[in-house]
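Undergrad: Input: one structure, supplied below.
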Amino acid sequence: MNDASDTTAMDTAPTSTPARVLLRTLALDLLTVAWDPLPRLSRPRWLAWLPHCVIGYIGIFCTFLTAAHMDDHYGVTGGHPLVPALATGGSVLLAMFRPIAGWWLGLLAAGLVAAQIHDRVGNGQTWPWTSGGMFPFAVVLLLVALRVPPRVTVAVIGLSVGLTGLAELLFKPEHGQSTVPGVALLFGFVGVLGYALRATRLARTKLVEQETLTEEERAQRTLLEERSRIARELHDVVAHHMSVISIQAQVAPHLVENPSEELKENLAGIRENALEALTELRRVLGVLRSEHPEDAANPHHPQPTLAELDGLVDNVCSAGLTVATEIAGIRRPLAPGVELTAYRIVQEALSNCLRHAPGSRVEVGIAYGPHELHLCIANTAPTRPVPPSQGAGHGLLGMRERAGMLGGELAAGPRPGGGYEVSAVLPMDPATKKG
C-alpha cells in the first residue's frame, strides 16, 4: 500500500521542463550584479581607455540632458529633476562595469522621470519616455549587449519594451503620445548592434588564441620531428657500432692460437649481448625509420660527417652563394654523434643563408680545440630581394636540440653590421661533458 502511494506521489511530482529551466536561468541572469568591466582596446595601447573616457563623458552629458529636458519641455523645476538626472547618468557609468545593475538603475531612472512628468504631459509630448530619455537608456542597452549572452540581451530589451507598454496601458496621460513603437525600434537596433560587436570581439579573441595555439603546436611538432630525425640517425650510428662489436667478437677466437674455452665463452657472451642489444634497439627505434628509399635517414645511406663538408659547400656555391671555409686546429675524426651534429648544424645554417640571405657572402669556421669543437657560420646582408619563405621557421630549434643533446651550446642572432651568425660549441667527448 505504501509502495503504491509513493509511486503515485512520484508520478504527480512536477518535473523541470526546458521552459522552466530557461526561465530560471534568465531570472538568475537578470538578478546578477556581477563585475563585468568593459574590455579595453588592445591596440594601440595609448587608446586602451578611450571607450571608457567617451562613455564617461556621455554619462555626464546625459545627466545634464535629462535635467534640462524635464525643465524645458515638461516644466519640472527646482531640485526635483536632480535625482532622476543623476540616476540616468549613473546608469550609464555603472553599466561600464556592472551591465545588468546599470540596466536596472536605468529603468529606475526612467520610472522616476515618468512619475514626475506624468501630470505635465501636453499635446504631442511622449510618455513614459521623453525624447531625451531614450538616448541614455539606449547607451545602457548597448553596454549590456556587448557583455551578456544573446538570450539575456533579448530578455532585457523585451522587458524594457514590455514595461513601457504596460505603463502606457495603465497610467498613460490623456494627451500623451505613445512611445512603444519608437523604443521597440531603437532598443531592437541597439541590441542587434551590440550583439554584432560582441560576436566580432569574441571571434577576434578566439582567432588570436587559435593562432597562438597553432604557432605553439607548429613549434612543438617541428621539435618532435627533429627529435625523431635525430633518433633515426643515432639509431644508424649505434646500430653500426653494435654490429661491428658483434662481428669482432665472432672473429676474435680465430685470431688467437689455441684460445681457451673461457675466452671463447666470454667472446660468445659479448657477441650474444651485442646482438640482443642491437635487436632491442631496432625494435624500439626502428619504427622511426623513413619508408622512403631516397630519405637521408634510410639505413642504406651512411650518415654524413665533416669529411663531406667540401661537397656541401660546393652545392651551396652552385646555388648562388659565396662561401669561404676556414679550419683551425688539427683536423681529426670525432665521435660519430659529434660529427653528425656538426655537419647538420652547418647544413641547416647554410640552408638558412640560401633562403633568407640570397647573394650574401658566407664564412664557415671550424676550430678543433683540445676538448671542444667550435663552429661559426656567418653571412653578410643579402644583396638580392628575399623571397617569401615556405618553411615553418623553426630550423634553429633543431640545431639547439642537437647541440643540447651532446651537452653543447648554440647561439644565433643578427650581426651588428648586418647579416646573421650562428655559433656552436660541441664537446669532443659528450659522455665526459655530460658527466
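The values are calculated or read from the model by the stated rules, or taken from the named source; none is laboratory data. Here the structure is a predicted model, which means the values were calculated and not measured. Neighbour counts are summed over all protein chains in view; Cβ atoms, including those assigned to glycine, are modelled from backbone coordinates with ideal geometry. Please note that ligands, DNA and RNA were not included when accessible areas were found on the heavy atoms of the full protein model with its side chains. Shrake-Rupley method; radii C 1.70, N 1.55, O 1.52, S 1.80 Å.
Undergrad: Hey, of [x] 25, 51, 21, 4, 0; [y] 23, 51, 24, 2; [z] 17, 27, 18, 22, 13, 2, 0, which did the structure itself give for P(r) over Cα pairs in 20 Å bins from 0, in percent when calculated?
TA: Answer label, from the structure shown: [z].
Undergrad: Based on the Cα gyration tensor of segment 21-116, what are the three equivalent ellipsoid semi-axes, each the root of five times an eigenvalue, rounded to whole Å and given largest first?
TA: 28, 22, 7
Undergrad: What do you reckon, how do PHE137, PHE97 stack up by accessible area (1.4 Å probe), largest on top?
TA: These residues rank, largest area first, as PHE97, PHE137.
Undergrad: Another one. Once every DSSP H run of n ≥ 4 in the chain is given -39500 (n - 2.57) and the sum is divided by its residues, what mean residue ellipticity at 222 nm do you get, rounded to the nearest 500 deg cm²/dmol?
TA: Roughly -21000 deg cm²/dmol at 222 nm, from the helical runs in the chain.
Undergrad: Placing +1 at every Lys and Arg Cβ and -1 at every Asp and Glu Cβ, with all other atoms neutral, what dipole size does the chain have around its Cα centre, in debye to the nearest 20?
TA: The dipole magnitude comes to about 1620 debye.
Undergrad: May I pose another question? Please compute the Cα-Cα pair-distance distribution of segment 42-89 with 5 Å bins starting at 0, giving whole percents from short to long.
TA: Going out from 0 Å in 5 Å bins, segment 42-89 shows 5, 22, 22, 14, 10, 9, 8, 5, 4, 1 percent.
Undergrad: Measure out, as a whole number of angstrom, how far apart the alpha-carbon centroids of segment 56-89 and segment 345-414 sit.
TA: Each part reduced to its Cα centre gives a spacing of 70 Å.
Undergrad: Can you list, bin by bin at 5 Å, the percent of alpha carbon pairs in segment 310-371, starting at 0?
TA: 4, 15, 27, 24, 15, 10, 4, 0
Undergrad: Per residue, how much accessible surface does segment 75-174 expose to a 1.4 Å probe? Answer in Å², no decimals.
TA: Here the per-residue accessible area is 41 Å².
Undergrad: With each label point set 7 Å from Cα along the Cα-Cβ vector, what nm distance links GLN250 and HIS371?
TA: Each label point lies 7 Å from its Cα, and together they span 4.0 nm.
Undergrad: What spacing in nm lies between the two simple spin-label points modelled at ILE60 and ILE330, each 7 Å away from Cα in the Cβ direction?
TA: Between ILE60 and ILE330, the simple spin-label model gives 8.3 nm.
Undergrad: Largest first, how would LEU186, LEU306 line up by accessible area (1.4 Å probe)?
TA: So, going from the largest accessible area down, we get LEU186, LEU306.
Undergrad: Could you state how much accessible area THR214 has, in square angstrom rounded to the nearest 10, with a 1.4 Å probe and all protein chains kept in place?
TA: Its heavy atoms expose roughly 50 Å² to the probe.
Undergrad: Right, here's the next one. Please report the accessible area of SER260 (heavy atoms, 1.4 Å probe, ligands and nucleic acids excluded) in Å², nearest 10.
TA: 60 Å²
Undergrad: Another question, if that's okay. Hey, any idea what % of the chain's accessible area is carbon plus sulfur with a 1.4 Å probe? Don't skip to the end; give the middle numbers.
TA: On the way: 15610 of 25440 Å².
After summing per-atom areas, the C and S share lands at 61 percent.
Undergrad: Hey, what did segment 46-183 get for relative contact order, percent, Cα under 8 Å, at least 6 apart? Kindly include the intermediate steps, with their values, before the conclusion.
TA: Numbers: 168 pairs, mean separation 32.4, N = 138.
Result for segment 46-183 is 24 percent.
Undergrad: So, in nm, how far is label LEU213 from label LEU263 when the simple model puts each one 7 Å beyond its Cα toward the Cβ?
TA: Each label point lies 7 Å from its Cα, and together they span 6.7 nm.
Undergrad: May I pose another question? What figure, in Å² to the nearest 10, do you get for the accessible area of MET70 with a 1.4 Å probe and non-protein molecules left out?
TA: Only protein atoms counted, so the area is about 0 Å².
Undergrad: Here is a further query. Find the relative contact order for the chain and round it to a whole percent, using C-alpha pairs within less than 8 Å whose residues are 6+ positions apart.
TA: Relative contact order of the chain: 9 percent.
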